1. Amide H neighbours of A:VAL62 under 5 Å, at least 5 residues apart or on other chains, H built in the peptide plane: list them.
2. Of all accessible surface on chain A at a 1.4 Å probe, what whole percent is carbon and sulfur?
3. Run the numbers on chain B and let me know its relative contact order in percent, using alpha-carbon pairs under 8 Å that are six or more apart.
4. What figure in square angstrom, to the nearest 10, would you give for the accessible area of A:LYS32 with a 1.4 Å probe?
5. Can you list the residues, at least 5 places off or on another chain, whose amide H is less than 5 Å from the amide H of A:LYS103, using H built in the peptide plane?
6. From the helices alone, meaning DSSP H stretches of at least four residues, give me the mean residue ellipticity at 222 nm for chain B, per-run term -39500 (n - 2.57), in deg cm²/dmol to the nearest 500.
7. Explain nothing, just compute: Karplus ³J(HN,Hα) = 6.51 cos²θ - 1.76 cosθ + 1.60, θ = phi - 60°, for every residue of segment A:156-163 in order, whole Hz, x for Gly and Pro.
8. Note down the relative contact order for segment A:1-156 as a percent, whole number, built from C-alpha pairs under 8 angstrom at least six residues apart.
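The values are calculated or read from the model by the stated rules, or taken from the named source; none is laboratory data. In this text, all values refer to a predicted model and were calculated from it rather than measured experimentally. Positions of Cβ are backbone-derived with ideal geometry, glycine not excepted, and every protein chain shown enters the neighbour counts. For accessibility, only protein heavy atoms count, side chains too; no ligands or nucleic acids. Shrake-Rupley method; radii C 1.70, N 1.55, O 1.52, S 1.80 Å.
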2 protein chains.
Amino acid sequence: MSPSNLSEFDIATAVKRQSDTSFTAELGAEWKVAGAINGGYLLGVAAQALRANSPKAPDPLVVSTYYLGPGEAGPADITTRLIRAGKSSATFALDLTQNGSPKTTSLATMGNLGALPDDVATSATPPELPDPEHCVDVAEAPGGFVESAPIVKRYDMRIDPDTAGFAMGKPSGRGLLQGWIRLADGAEPDPISLLAFLDALPPVMFDVGRFGWAPTMELTTHLRAIPAPGWIAVKLYTRNIAGGMFEEDCELWDSSGRLVAQSRQLARQPRG
Amino acid sequence: MSPSNLSEFDIATAVKRQSDTSFTAELGAEWKVAGAINGGYLLGVAAQALRANSPKAPDPLVVSTYYLGPGEAGPADITTRLIRAGKSSATFALDLTQNGSPKTTSLATMGNLGALPDDVATSATPPELPDPEHCVDVAEAPGGFVESAPIVKRYDMRIDPDTAGFAMGKPSGRGLLQGWIRLADGAEPDPISLLAFLDALPPVMFDVGRFGWAPTMELTTHLRAIPAPGWIAVKLYTRNIAGGMFEEDCELWDSSGRLVAQSRQLARQPRG
């Protein structure tokens, strides 16, 4: 890919090789949410390092990331360690630190989405959504939301009005957010931006009226197919809010109706 | 706990300390399925090592395990590495090898289930199941199933007749298995046996008529509460069978009706 084809997201998640197993990156302040660098963007940075060290298996089929401290704008150090190389896949460990302080640690199995068989027997169904132009543009949300979450402007995010009650102080209580997402610069989705989309929407706890920061403990992502061009439909839900924690499941559906990515995270409930 | 209070499962998953960060274990042939040591039992062994090195945060709140090769009966070496110690939790990496060959690698955050707040706002509902005596006892399954899966006798597993069609060659095609589980010796469930229960039932692919071995690539488990005594209700389902892989979600409900554990795995589809 020539540099002129790079998206804003590609550039913002780029890593610079320092050795066979180490990289540096510059985390951009424009990817912050509530004072910390967004976890989905951090996943994108990690995936760029993994891809650089796994040319034959370039796609992060499954990544499990433990969030150890809030990411800050500025330089980051990334190390990768090959744990096992198979015929068509490779498993790595990855650590991301800033000024020597651990921010994330991950395990990942890389593969080649383009070389997978083409069977599809998915029983899940995509969310029923109004067209993007009939959804709520998150960048136009009231109440200082955008100011506290500059990352909102890096995406074009449209929330289904039926699940956007939180923006008017009327959350549904169901623990469900759904809508559309694409990159703000119009770049088409790819496997690495899908990883970021899995942790880009407002927290699902907004729909149960809990608006504080909900720190992710762990997030596992599955990539299942290369996405078709166009909008990505997102469904975010929680079913087990208990014991000071909650799980958040995310599904990404491409414009062809394929369930291209799934994730689940365990997070601490907001204090507020 | 005095040795006389140890369950068969406690003894079978016991680890022996070799150094501050290393342990050995003896993997029992009676925990095999289709020729390999069961992944849930391996999780139990891993959890015993983590607990030994995390006395103040003894419960594996979240564990992500990558399966690297089939486990064999016999000795195993386990190493743990503390990544970050917090006030009430600690994150570790763990590797399990046999004869120098990697079998699993994990990340885990340990905590204290007994010290969590007691809020419960779970919207998920437990599976509707007939009483255990009206379910199908897996140990009595026909067709050589038990002979190829000796682990079946280590549990008391009862499958809801409505989801047990696979045992008569009539899978429902829904991708759903549910039923009851407890340890064969009658020991009550605890956080570590819950981990094993999450990967104990027959593979959910049986219910779509795919009976071959489905190797797990990655399994992430969430423990959310200390289970009440009694039977554990299990619900296992898949919604995205595609591209040669599938995801399998598992829920465990205790006798008080609490959703005490959840897991998701990514696995390769059986060849058969």
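1. Answer set, sorted by chain and number: A:THR109, A:LEU223.
2. Carbon with sulfur: 52 percent of the solvent-accessible area.
3. Numbers: 635 pairs, mean separation 46.5, N = 272.
Relative contact order comes out at 17 percent.
4. 60 Å²
5. When sequence neighbours closer than 5 places are left aside, the close amide H contacts are A:LEU96, A:THR97, A:GLN98.
6. On the way: 4 runs with 30 residues, N = 272.
Calculated from helices alone, the mean residue ellipticity at 222 nm is -3000 deg cm²/dmol.
7. Per-residue couplings from phi come out as 10, 10, 10, 9, 3, x, 5, 10 Hz.
8. Relative contact order of segment A:1-156: 22 percent.
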